[in-house]
Amino acid sequence: MSQRDGWVPGAPAAGIVLIIDPKKMWPVMAVRGAFAILFGIAALTWPGITVFALALLFGAWALLDGVSLLANAFRQGRAHSDWRDWVPLLLAGLLGIAAAVITVLLPVITVVVLTIVAAILFIGVGVAEIVLAVRLRKLIRGEVFMALAGLAGIIAGVLFFLWPLSGALVLTIMLGAYALVSGVLLLVVAWRLRRVALYEDVTAPGRAGAGSVRRPQPRTP
């Protein structure tokens, strides 16, 4: 947590100071969650969607999610945070943009190609979200929702790899279901981070390696 934002980080038991700014992170998580939910609703409610249309929708979602992850990574990097706070986000963001480029620019994309691209993206983003959840455990309670979002991505990616020939309808349902679950979990994380940013939350007491976040007290002359 950056001291220039008026927050005073507590001293963790292990002597580690987590440099994550919830004021800048929660809007990114909220945007990612909103985009995921919108994609999920579109995928599940569009009757007879074609593979090409699904690829365009998926590419748009991957691009917006990738840009959001990159923005978060650059903000964490500029705040001089630990590389573990921003490198996973940077890699996941680049992976999202690459997935968008592949799905949108391919003149004729097949269900198999789209399935493999989605699987690689979900596993990469899932790993990044789990790493971030481990870092967030020193800042907020409820970081388990971020870990669950990452776990959902990894599970979805593995399932896509196992059934690459499932067909357009099954792929659409799986993509939509994952997007809705991931979006809801990310919105919960955004809400938790926003509470921290509004001075309403503290790190769970007694947790090993966790410090507290508190409102700064006025200095006495």
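Modelled with pLDDT of 90 or more, closer than 30 Å to residue 23 by Cα, of a type in the set (D, E, K, R) and surrounded by 20 or more Cβ atoms within 10 Å (Cβ to Cβ), is that true of residue 65? So residue 65 passes the test. Checked across the range 38-60, the condition of being part of a helix (DSSP H, G or I), in contact with an Asp or Glu (Cβ under 8 Å, 6 or more places away or on another chain) and either modelled with pLDDT under 90 or buried (at least 17 other Cβ atoms within 10 Å of the Cβ) (or both) holds for no residue. Within the range 160-179, the residues that satisfy the criterion of being in a helix (DSSP H, G or I) and touching a residue at least 40 places away in the same chain (Cβ under 8 Å) are 160, 161, 168, 171, 172, 173, 175, 176, 177, 178, 179. So is residue 32 in a helix (DSSP H, G or I) and at pLDDT below 75 or not? Here the answer is no, as residue 32 does not meet what is asked. Within the range 144-180, the set of residues being surrounded by 17 or more Cβ atoms within 10 Å (Cβ to Cβ), among the β-branched types (Val, Ile, Thr) and within 28 Å of residue 191 (Cβ to Cβ) comprises 154 only.
How about the range 129-146: which of its residues are at pLDDT below 90 and of a type in the set (A, V, I, L, M)? Of everything in the range 129-146, those that are at pLDDT below 90 and of a type in the set (A, V, I, L, M) turn out to be 131, 132, 133, 134, 136, 139, 140, 144, 146. Residues of the range 98-118 that are in a helix (DSSP H, G or I) and either crowded, with 19+ Cβ neighbours inside 10 Å or in contact with a strand residue (DSSP E or B) (Cβ under 7 Å, 6 or more places away or on another chain) (or both): 99, 100, 102, 103, 111, 114, 115, 117, 118. Selection of the range 68-83 for residues being in a helix (DSSP H, G or I) and surrounded by fewer than 17 Cβ atoms within 10 Å (Cβ to Cβ) yields 71, 74, 77, 78, 83.
The values are calculated or read from the model by the stated rules, or taken from the named source; none is laboratory data. Bear in mind the structure is a predicted one, so any value in this text is a computation, not a measurement. Here Cβ is always computed from backbone atoms with ideal geometry, including for glycine, and neighbour counts include all displayed protein chains.
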